[in-house]
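K.L.:
Take this structure, written in structure tokens, and hold onto it; I'll ask about it next.
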Amino acid sequence: MDYEFWKEIHERGGIPAVKSALEALPGDLPPQDADAATELALKVIEDDIARINARADRAEARARQLTEQTREVNQQLTEHATRDAEEPAPGRATE
């Protein structure tokens, strides 16, 4: 039961699968081996959580970037509309 063993279980069924596999460990497994298996299983879950958090951080940064770009475009559109409203229409004489 190495890291890859627990990673495969996690990839197939997530945390519930890991929990079930831990519960299915033989009762006569030496405590040291049971502790090592539990530590590896927890490490797999922690790594997955870290991966998910990193992905969420990237998505949040992208959302902030898009929000800023939207704000800039809206500002440019507003400035352009204001400038157009202040300029006389072509072909119209100004008084």
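The values are calculated or read from the model by the stated rules, or taken from the named source; none is laboratory data. Quick caveat: nothing in here was measured; it's all calculated off a predicted structure. Cβ: placed from backbone, ideal geometry, glycine included. Neighbour counts: every protein chain shown.
Results for (1) surrounded by 10 or more Cβ atoms within 10 Å (Cβ to Cβ); (2) assigned to a helix (DSSP H, G or I); (3) in contact with a Pro (Cβ under 7 Å, 6 or more places away or on another chain), shown as yes or no for each residue.
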site	(1), (2), (3)
Met1	yes, no, no
Glu8	yes, yes, no
Leu22	yes, yes, no
Gln32	no, yes, no
Leu40	yes, yes, no
Lys43	yes, yes, no
Glu60	yes, yes, no
Thr70	yes, yes, no
Gln75	yes, yes, no
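K.L.:
Could you tell me whether Ala56 is small (Gly, Ala, Ser) and at pLDDT 95 or above?
P.N.:
yes
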